[in-house]
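Below is one structure, written out as structure tokens, with a few remarks after it.
The values are calculated or read from the model by the stated rules, or taken from the named source; none is laboratory data. Bear in mind the structure is a predicted one, so any value in this text is a computation, not a measurement. Here the Cβ positions follow ideal geometry from the backbone for every residue, glycine too, while neighbour counts run over all protein chains shown. Keep in mind that these areas ignore ligands, DNA and RNA; they rest on the heavy atoms of the full protein, side chains included. Shrake-Rupley method; radii C 1.70, N 1.55, O 1.52, S 1.80 Å.
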Amino acid sequence: MATGRNHRPATTRSRGIPEATVARLPLYLRALTALSERSVPTVSSEELAAAAGVNSAKLRKDFSYLGSYGTRGVGYDVEYLVYQISRELGLTQDWPVVIVGIGNLGAALANYGGFASRGFRVAALIDADPSLTGRSVAGIDVKHTDQLEQIVDESGVSIGVIATPAGSAQQVCDRLVAAGITSILNFAPTVLSVPEGVDVRKVDLSIELQILAFHEQRKAGEEAPEEETAPPAVPPAAAVSKRPEPGSDGDRPAVMPA
């Protein structure tokens, strides 16, 4: 299998596929892979759209960029779409990945089994802490950051994953870019500055949680019952008919008898 550094096919960008469509392709692929594992041969646009969480019109538009229009009354061939989307995303080849920052998050990423099944091979683990050097994580020995450039070159790394603290993320990014890496996945809670031609995808778990907290707060406000106004213990004086005292004007009849 060819590696990403040695063989780069026509990208979705060069083929004129919108970035919004590119962002949805992995969602379609995940849904299609689940269908394939259940040996489902075909799927309608409505069924696939529901599984991917988009509307069917948008799905059909996205697939038109791939040259796939399905068959009326039959739908889309699941296995062919899996291949077609995998090829478009570059997942039919091997993409060596280096993870920099082997703390709790970096170690968890290294142990994630989903990378290999999707074409991503963790080629190296790097950390600045000397006490971690030589330690085995997910079956890979951790290397010191002094070896970063050498490792990127020798392993043919295509994608860099930054899982360091925010304070060191930019320096790590600069070194990865200088070593020839043009695609970076950033887990550090900071915005990276990169030159033109370098793609950065940011994953900030705290931001995602804050967004969820916002929606939870809104839902709580919408679901709160309206405060009921209790009736006053004593009716207002204007609404009470006061019985006149005997001998008062109010006790006299309207017409006096002759």
- Lys and Arg at +1, Asp and Glu at -1: add these up for the other residues within a Cβ distance under 13 Å of Tyr76 and post the number. -3
- Item | Pairwise FRET efficiency - Ala23 versus Glu222, Cβ, R0 = 25 Å, nearest 0.05 | 0.25
- Task: Calculate what fraction, in whole %, of the accessible area of region 14-88 sits on carbon and sulfur atoms when a 1.4 Å probe is rolled over the protein chains.
- Result: 52
- Please calculate the 1.4 Å probe accessible area of Leu185, with all protein chains present, and give it to the nearest 10 Å². 50
- Query: Gln147 label point, 7 Å along Cα→Cβ, cut-off 20 Å on backbone N: hits in region 156-179?
  - Reply: 156-164, 172-173, 175-179
- Task: Determine the equivalent ellipsoid of region 95-205 by diagonalising the alpha-carbon gyration tensor, then write out the semi-axes as square roots of 5 times the eigenvalues, largest first, rounded to whole Å.
- Result: 19, 15, 15
- Taking H as built 1.01 Å from N, whose amide H comes closer than 5 Å to the amide H of Arg121, not counting residues under 5 places away? Trp95, Val97
- Message: Give me, ordered by chain and number, the residues 5 or more places off Ile102 or on other chains with an amide H under 5 Å from its own placed amide H.
- Response: Ala128
- Query: Near the amide H of Val137, under 5 Å away, which other amide H atoms are found, from residues 5 or more places off or on another chain, if H is placed in the peptide plane?
  - Reply: Val142
- Item | Cα point-scatterer Debye curve for region 33-174, base-10 log of I(q)/I(0) at q = 0.12 Å⁻¹ | -0.65
- Using a simple spin-label model with points 7 Å from Cα along the Cα→Cβ vector, what separation in nm is obtained for Ala116 and Asp174? 3.7
- Task: Could I have the simple spin-label model distance between Ala34 and Glu79, label points 7 Å from Cα toward Cβ, reported in nm to one decimal?
- Result: 2.2
- Query: How far apart, in nm, are two points set 7 Å out from the Cα along the Cα-to-Cβ line at Ser155 and at Glu208?
  - Reply: 2.3
- Query: Between Thr92 and Ser64, what length in nm is gained on full extension when 0.36 nm per residue of separation is reduced by their alpha carbon distance?
  - Reply: 8.0 nm
- Query: For region 58-147, with the dipole built from +1 on Lys and Arg beta-carbon atoms and -1 on Asp and Glu ones, taken about the Cα centre, which of Ser131, Ser68, Val82 lies farthest toward the positive end?
  - Reply: Ser68
- So the pair-distance distribution of region 14-88, from every Cα-Cα distance in 5 Å bins, comes to percents of 3, 17, 32, 29, 13, 4, 1
- Query: What list of ³J(HN,Hα) couplings, whole Hz, do you get for region 42-55 from phi and the Karplus terms 6.51, -1.76, 1.60, once you set θ to phi - 60° and write x for glycine and proline?
  - Reply: 9, 8, 7, 5, 5, 5, 5, 4, 5, 5, 8, x, 10, 8
- Considering only protein heavy atoms, what per residue accessible area in square angstrom results for region 14-88 with a 1.4 angstrom probe? 56
